[in-house]
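**Q** Here it is, the structure, as structure tokens.
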Amino acid sequence: MILKSGTRTSNSGGTLRKTMIIFQFVVSVVLIASTIIVTEQLRYIRNKDLGYDKEHLLVLPVDTKMLEHYEDLKNSVSALPGITHVSGAYETPTFIEWSDGITAETGSEKKQISVNAIPVDLDFTATMGITFIAGQDFTRSDLLAQDTSDQYKNYRNSFILNERAVKELGWTPQEAIGKTISKGAPGVIKGVVKNFNFSSLHEDIGPLVIFLGPDFIGQMLVRIDGSKVPPALKNLENLWKKRVSHRPFEYTFLDEEFGVMYANEQRTAQLFSLFSGLAIFLACLGLFALAAFTTVQRTKEIGIRKVLGAGIPQIIFLLSKEFLVLVGLAILIALPVAWFIGSKWLQDFAYRIQISWWILIASASIAVVIAVFSVSIQALKAANANPVKSLRTE
């Protein structure tokens with residue numbers, strides 16, 4: 001055949017080069033898809049409705065010395081301009097670790113369930129923006145005078161449960177209101193709140209009990225007007241220096257604390273991005289080198305085709321189609337692998353995205369664009385070469 005390549009190479013060598021190109025693009029597509037999946041899951045985490053408002057919520061540590069005049073300090077903070085709500089809790093609601101148990105009379109028998117629990121101050125649910133679906137919040141009348149014969153009696157007389165706890169007890173939210181449960185001491189269910197995430201999104205929402213515990217306050221929660229954050233912080237710092245002189249003014253925002261919970265996922269996304277970039281770079285080098293090698297092999301063929309009337313687009317297509325077939329084969333192999341790896345990783349989250357078709361299509365499209373760009377450089381160079389000079393080779 002006249003259009004046959006003039007330079008012969010080993011079939012095994014050509015097969016190895018093509019196999020390496022396929023392998024490199026399989027790795028590239030898998031890493032690109034994985035990067036998109038991890039990034040989308042992190043976006044989902046950041047934007048998910050947690051059941052409370054984590055924005056503009058300041059967290060200040062409370063120590064034993066501060067507890068001695070906590071109520072007075074809380075009132076002073078509440079009076080500052082730009083402060084909308086102030087409350088306190090044993091720990092922040094991003095990750096409630098307190099484990100406990102409650103017992104309830106559900107009719108014919110007593111029912112016991114394991115729960116997470118959090119001691120709080122008045123106005124906790126209002127400060128957090130937690131929604132009630134039945135009953136009402138704690139009031140000052142729920143704080144009884146401390147009885148030294150029972151140190152828990154003063155703050156365990158009323159309870160707020162989440163939907164999950166009520167469901168496990170076999171009640172509807174409305175049925176639960178006014179029922180008596182026991183947690184160290186008996187108390188009445190005063191309210192039921194909508195389920196909110198009080199742990200990592202790796203875990204499902206479990207049963208939760210909220211109870212008044214002024215002696216256990218470890219964090220002050222301060223809700224700031226979003227339009228007045230800088231002046232509110234300055235006023236709060238000045239007040240802190242006057243009223244809490246024994247410790248520095250150190251604070252965090254709840255959304256920052258929430259972000260720290262997913263530091264591992266952030267690092268995973270960064271690593272995938274880094275390795276994706278490296279894999280794409282190596283794949284481009286391999287494809288570029290193979291395209292250059294093939295172009296040299298087919299120099300005479302290209303010259304003959306141009307003499308016979310082939311234009312630049314036809315020459316570019318001629319040289320590119322073989323490589324695009326290799327990339328297409330790599331994509332067919334890579335997409336199921338990427339879907340499997342992404343699905344396995346997402347199974348670690350109780351709340352997660354679904355791997356949409358556009359993620360796989362986008363990954364494949366990026367690979368195709370990269371391949372076309374890499375090959376086109378060599379193809380364009382060959383297409384613009386002088387055919388007379390090409391025919392004089394060999």
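Any read-out appearing in this document is the output of simple, stated calculations on the displayed coordinates, not a laboratory observation. Keep in mind that this is a model prediction, so the values were computed, not measured. Quick reminder, even Gly has a Cβ in these numbers, built from the backbone with ideal geometry, and neighbours come from all protein chains shown.
**Q** Normalised by the residues of the stretch 64-246, what does the relative contact order come to in percent, with Cα pairs under 8 Å and at least six apart?
**A** 32
**Q** Additional query: List the aspartates and glutamates whose Cα lies under 19 Å from the Cα of Lys321, skipping any in the same chain that are fewer than 8 positions away.
**A** Glu301
**Q** Right, next: What are the residues whose amide H is under 5 Å from the amide H of Ala134, where those residues sit 5 or more places off or on another chain and H is modelled from the backbone?
**A** Val192
**Q** Okay, next question. Quote to one decimal, in nm, the extra length available between Ala79 and Val229 on full extension: 0.36 nm per residue of separation minus the C-alpha distance between them.
**A** Working: separation 150, 0.36 × 150 = 54.00 nm, distance 1.50 nm.
Value of the extension gain: 52.5 nm.
**Q** If you stretched the chain out fully between Leu16 and Thr139, how much longer would it get, using 0.36 nm times the residue separation minus the C-alpha to C-alpha distance?
**A** Values: separation 123, 0.36 × 123 = 44.28 nm, distance 7.62 nm.
Value of the extension gain: 36.7 nm.
**Q** Can you pull out the trypsin sites (Lys or Arg not before Pro) in the stretch 30-69 whose DSSP state is coil and whose Cβ has at most 13 other Cβ atoms within 10 Å? Please list the in-between numbers first.
**A** Working: sites: Arg43, Arg46, Lys48, Lys54, Lys65; in loops: Lys48, Lys54.
Answer in residue order: Lys48.
**Q** If r is the Cβ-Cβ distance from Arg247 to Leu332 and R0 is 45 Å, what FRET efficiency results, to the nearest 0.05?
**A** Details: r = 62 Å, r/R0 = 1.37.
Approximately 0.15, to the nearest 0.05.
**Q** For the stretch 186-289, which GluC sites (Glu not before Pro) are both in a DSSP coil and crowded by at most 12 other Cβ atoms within 10 Å? Don't skip to the end; give the middle numbers.
**A** Working: sites: Glu203, Glu237, Glu250, Glu256, Glu257, Glu265; in loops: Glu203, Glu250.
Qualifying residues, ordered by number: Glu250.
**Q** Using packing as a proxy for protection, rank 88-100, 161-173, 131-143 so that the peptide with the highest average count of other Cβ atoms within 10 Å comes first. Before the final figure, lay out the partial values.
**A** On the way: 88-100: 18.7, 161-173: 20.5, 131-143: 14.9.
In descending order of packing, they fall as 161-173, 88-100, 131-143.
**Q** Now for a separate question. List the residues of the stretch 203-244 whose backbone N lies under 20 Å from a point placed 7 Å from the Cα of Phe132 along the Cα-to-Cβ direction.
**A** 208-214, 223
**Q** Next up: Over the alpha carbons of the stretch 64-246, what is the largest minus smallest coordinate on each principal axis, giving the biggest first in Å?
**A** 58, 40, 26
**Q** Filter the cross-link list Lys111/Lys190; Lys74/Lys194; Lys48/Lys74; Lys18/Lys344 down to pairs whose alpha-carbon distance in this structure exceeds 24 Å. Working shown, then result.
**A** On the way: Lys111/Lys190 19 Å; Lys74/Lys194 27 Å; Lys48/Lys74 31 Å; Lys18/Lys344 30 Å.
Violating the 24 Å limit, Cα to Cα: Lys74/Lys194; Lys48/Lys74; Lys18/Lys344.
**Q** Moving on. Which percentage, to the nearest 5, of the DSSP beta bridges contained in the stretch 153-297 is antiparallel? List each step's numbers first, then the result.
**A** Working: 7 of 12 bridges.
Close to 60 percent.
**Q** Quick one: of Lys54/Lys242; Lys110/Lys183; Lys54/Lys228, which pairs are farther than 21 Å apart, Cα to Cα? Could the numbers behind the result be given before it?
**A** Numbers: Lys54/Lys242 28 Å; Lys110/Lys183 13 Å; Lys54/Lys228 16 Å.
Pairs exceeding 21 Å: Lys54/Lys242.
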